[in-house]
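Q: Below are the structure tokens for one structure; questions will follow.
Here, each number is a calculation from the coordinates, and none is a lab measurement. This one's a predicted model, so the numbers in the text were calculated from it and none came from an experiment. Neighbour counts run over all protein chains shown; Cβ positions are idealised from the backbone, glycine included.
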Amino acid sequence: MKEKADPILTEWKLSEWFSAAFDHIPDLVSICDSDYRIVKVNKAFADAVKMLPDEAIGKTCYELLHKTDKPPLNCPHKQTLKKKETVRVEIFEPQSGSYFEVSTSPISNGKGEVIASIHIARDITERRKVEKALQESETRFRELINNMSSGAAVYEATADGEDFVFRDFNRAGENIDSIKKENVIGKKVTEVFPGVSEFGLLDVFQRVWKTGKPQHHPVALYKDNRIAGWRENYVYKLLSGEIVAVYDDITERKKLDKALKESEQKFRDLYDNAPDMYYSIDKDGTIIDCNRTFGKMLGYKREDVIGKHLTTFFTKRSKKLFEEIFPKITVDSALLNLGREFVRKDGRVLNVILNIYVERNRKGDFVGTRAIARDVTGLKGIKEELKSIARFPSESPYPVLRIDKDGYILYCNEAGKPMLDKWECKVGERAPRTWRKIIKDTLGADAKKHIQIKYSDTIILLTVVPFTGPGYVNLYGQDVTSIKIAEEELSAAYQELKDTQEQLIQSGKMAAMGQLAAGISHELNQPLTGIKGFAQAVLMDLDDDNPLRTDLNKIVEQADRMDKIIRHVRFFARKSDFFKEDIDISRPIEDALMLLNEQLRLHNIKVKKSLPRRLPGIRGDHNQLEQAFINIITNAKDAIDSLNDPGGGVIKIKGAVSKDKKHVELTFSDTGCGIAKAEATSIFNPFFTTKSPDGGMGLGLSIVYRIVENHGGSIDAQSQAGMGTTFKIMLPVNQPVQ
């Protein structure tokens, strides 16, 4: 065999410098004769087949490389011998799991006959992995774009940034702009959206394309001959040089804003033009708002009243009562039918009846009061009105009673008899014990009281007037049903307006947070994939004892952690599909525990369940509820771990039917570190966390809150530092429990 190789070597006339260069080529190089036998190999080839160079000579290439007894079908050497030209192919070697780019070039003798070929094989496995990773990354990017709730378009600059051509367009964009993807791809943005320049977005595209810096195009009205609507855009530049615009149609939100402003104006008109005086004071007694009627009745302009202390406008007597009662009002929800006296600008006294309602913030802290004051001066004063009623008790359409100091009923007119029926007593008998105490207190204080009662559909305001000399009280009734109904309607309208406003504000926050989260996750994902891929590639080339492996493994570990964080951000940012079905609530809880069982066991954490077999079913999404329970249980595990107690801890899970029979009530309690009171109110906020920087980014509980809210339920948390945490979830049942 070597004899046949000698003429080839003579023909080739390898010089010493060629041999040196030949051996230092990193690719696998070999020379094969026309019988497929190896004539010469370089060091890289010999190392790959784990032989000395001389040991490979004389063996067939297919025997040595492919472990077969004949050449493969796509053998490039065979094609070179036949075609007398260089052939390039890509070959997968299953023995090593590697991809090679192989070229065979002909070697001819003096007669022009091809007597051999030189093989150059380059290992392109890593390149193929990178190409595959890039392809997968692009696929994920396309999936992200196509499944966003926001519109998204990818553009390529043309004419040195003078215009931009559509390269991709997602489904949300099709819906927002009422146009199909196939009708925009390849077209200029100025053709598809002729109003883009006037809209101001084209300038943003050009700046982002030139500088590479992301830019926000604020809410503005876009319109052309085809469509019109309010749009908000975020524009970014990709590493490929293309730009991406992510945008939302907020036309409906603008309409809602307009409707809210109109509703607010209607409420303000009703408030300002009401016949009664309305005002609000803070916890210090300073007037922070009032209607025009309040200022008008006192002879002032509204702006002259706001900022003044309420007692500025009281008589001395009313000021004293205010100073006695106001510090104690924090424990009440309302004080009704209080007689007070305002002093007008001209010095005249204004007699009013006050209904005061306590205002609290979300934490339940007292922040002030709002009040309704009705002018009763025009009725000749409260005393004159009561005397008039007392002179004609039998003719009064309202209850009039007289009760002595011992509680015996001395007189009752016809209109008051339903009250006696309700009390189950008659004239000459004693009033109920509750009323006997009221009468005693009234006589002792020598001051009239106002008490509100209800029977049938009528609300009666009873004024209890003491007569300390003879030792009895008179009760004078007045029908205030219409007043109370008006107050309740106004209060309901006011509360509805506040709720709508808070919902709108929260919706805007979550939309902005969702856009921010989506943008951040997208911007991080590509560089993160590259970092991890290159780190893994370098690891494959390093020896096991190379000290750099520790650092590179740390990079891969942190990249995996970042990938997990990005997935959480994506979950928070997107609007997930919500699949409703009949669910036994125990199932998603059990599935969550099964997934976390090994972690809980390793951390010595015991789970105590109390889930009745026949809890009523609910309508909901099994997967979303399972995710919510995983987040809560994981949060409990982390809280217990933070105590570093070798004895571990306990997580208790209980299920029950709520008192109103309309909800399933779930509680998750742990023996972990708990949360300080000052932080407890923020635990459902996105990105809020009490953990270390490596412990998470604070989206777990905000995701739980969103899932529970999507199911029409509610969640709250009770916690105290060092005492553990309890989460209480209320979910509506599918069918009311009988």
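Q: What distance in nm lies between label points placed 7 Å from Cα along the C-beta direction at Asp47 and Lys83?
A: So the two model labels end up 3.2 nm from each other.
Q: Same structure again: Which value in nm describes the separation of the simple spin-label points at Lys320 and Arg436, placed 7 Å from the Cα toward the beta carbon?
A: It works out to 3.2 nm between the two label points.
Q: Then there's this: Arranged by the count of other C-beta atoms within 10 angstrom, fewest first, what order do Arg122, Arg362 take? Before the final figure, lay out each step's value.
A: On the way: Arg122 16, Arg362 7.
With the sparsest Cβ surroundings first, the list reads Arg362, Arg122.
Q: For Arg268 paired with Ile485, estimate the spin-label separation in nm (one decimal), with each label point 7 Å from Cα along the Cα-to-Cβ line.
A: According to this spin-label approximation, the distance is 3.0 nm.
Q: Counting only other residues whose beta carbon sits under 11 Å from that of Arg549, what net charge do I get with K and R as +1, D and E as -1?
A: On the way: positive: Lys554; negative: Asp541, Asp543, Asp544, Asp545, Asp551.
After counting each charged neighbour, the total is -4.
Q: Are there trypsin sites (Lys or Arg not before Pro) in the range 196-243 that DSSP marks as loop and that have at most 14 other Cβ atoms within 10 Å, and which are they? Mind dumping the intermediate values first?
A: On the way: sites: Arg207, Lys210, Lys223, Arg226, Arg231, Lys237; in loops: Arg226.
Within the range 196-243, the qualifying trypsin sites (Lys or Arg not before Pro) (loop, at most 14 other Cβ atoms within 10 Å) are Arg226.
Q: Gln452's amide H: which non-local residues (gap 5+, or another chain) put their own amide H closer than 5 Å, with H modeled 1.01 Å from N in plane and none for Pro or chain starts?
A: Leu462
Q: Next question, about the same structure. So what are the ³J(HN,Hα) numbers for the range 607-621, from phi and the Karplus equation (6.51, -1.76, 1.60; θ = phi - 60°), rounded to whole Hz, Gly and Pro as x?
A: Each residue's phi maps through the Karplus curve to give 10, 10, 9, 9, 10, x, 5, 10, 5, x, x, 10, 9, x, 9 Hz.
Q: Now for a separate question. Going 7 Å from the Cα of Leu643 in the Cα-to-Cβ direction, what parts of the range 711-730 have a backbone nitrogen less than 13 Å from that spot?
A: Under 13 Å, as judged by backbone N against the label point of Leu643, lie 720-726 of the range 711-730.
Q: Also, quick follow-up: Over the range 381-479, what relative contact order in percent results from Cα pairs under 8 Å that are six or more residues apart? Can you show the working numbers first?
A: Values: 171 pairs, mean separation 26.9, N = 99.
Answer for the range 381-479 is 27 percent.
Q: So what is the diffusion coefficient of the range 219-367 in µm² per second by Stokes-Einstein at 20 °C and 1.002 mPa s, using a Kirkwood Rh over Cα pairs?
A: 109 µm²/s
Q: Write out the trypsin sites (Lys or Arg not before Pro) in the range 388-491 meeting two conditions: DSSP loop, and at most 16 other Cβ atoms within 10 Å of their Cβ.
A: On the way: sites: Arg391, Arg402, Lys405, Lys422, Lys426, Arg430, Arg433, Arg436, Lys437, Lys440, Lys448, Lys449, Lys454, Lys484; in loops: Lys405, Lys426, Lys448.
The qualifying sites are Lys426.
Q: Amide H neighbours of Gly339 under 5 Å, counting only residues 5+ apart in sequence or on other chains, H built in-plane at 1.01 Å?
A: Long-range HN contacts for Gly339: Leu354.
Q: Now a separate question. Step through the residues of the range 548-559 one at a time and calculate ³J(HN,Hα) from phi using the Karplus curve (6.51 cos²θ - 1.76 cosθ + 1.60, θ = phi - 60°), rounding each to whole Hz and writing x for Gly and Pro.
A: 6, 4, 4, 5, 5, 4, 5, 4, 4, 4, 5, 5
Q: In the range 607-633, which residues have a backbone nitrogen under 18 Å from the label point lying 7 Å from Asp582's Cα in the Cα-to-Cβ direction?
A: 613-623, by backbone N distance to the label point.
Q: In addition: Going by C-beta contacts inside 10 Å, put Glu590, Glu395 in order with the fewest on the left. Present the calculation step by step, with values, prior to reporting the outcome.
A: Details: Glu590 16, Glu395 11.
With the fewest neighbours first, Glu590, Glu395 line up as Glu395, Glu590.
Q: Stretch Asn623-Val358 to full length: gain in nm at 0.36 nm per residue minus the Cα-Cα span? Each step should come with its number before you reach the end.
A: Numbers: separation 265, 0.36 × 265 = 95.40 nm, distance 4.28 nm.
Stretched fully, the Asn623-Val358 segment lengthens by 91.1 nm.
Q: Another question about this same structure. If the chain between Asp446 and Gln558 were fully stretched, how many nm would it gain, using 0.36 nm times the residue separation less the Cα-Cα distance?
A: My answer for the length gained is 32.5 nm.
Q: For Val89, Val733, Val400, which order do you get if you count the other beta carbons within 10 Å of each Cβ and list the fewest first?
A: On the way: Val89 14, Val733 18, Val400 22.
With the fewest neighbours first, Val89, Val733, Val400 line up as Val89, Val733, Val400.
Q: Taking θ = phi - 60°, what integer Hz values does the Karplus form 6.51 cos²θ - 1.76 cosθ + 1.60 yield along the range 108-120, in sequence order, with x for Gly and Pro?
A: The phi angles translate into 10, 8, x, 8, x, 8, 7, 10, 6, 9, 9, 9, 10 Hz.
Q: Still on this structure: On full extension of the chain, what length is gained from Ser105 through Thr330, given 0.36 nm per residue of separation minus the C-alpha to C-alpha distance? Please list the in-between numbers first.
A: Working: separation 225, 0.36 × 225 = 81.00 nm, distance 9.57 nm.
Using 0.36 nm per residue and subtracting the Cα-Cα distance, I get 71.4 nm.
Q: With an 8 Å Cα cut-off and a minimum separation of 6 or more residues, compute the relative contact order for the range 581-732 in percent. Present the calculation step by step, with values, prior to reporting the outcome.
A: On the way: 278 pairs, mean separation 36.7, N = 152.
Normalised by residue count, the contact order of the range 581-732 is 24 percent.
Q: If you don't mind, another one. In the structure shown, do any of Lys43/Lys554; Lys84/Lys129; Lys422/Lys448 have a Cα-Cα gap over 27 Å, and if so which?
A: On the way: Lys43/Lys554 34 Å; Lys84/Lys129 33 Å; Lys422/Lys448 23 Å.
The pairs that break the limit, which is 27 Å between Cα atoms, are Lys43/Lys554; Lys84/Lys129.
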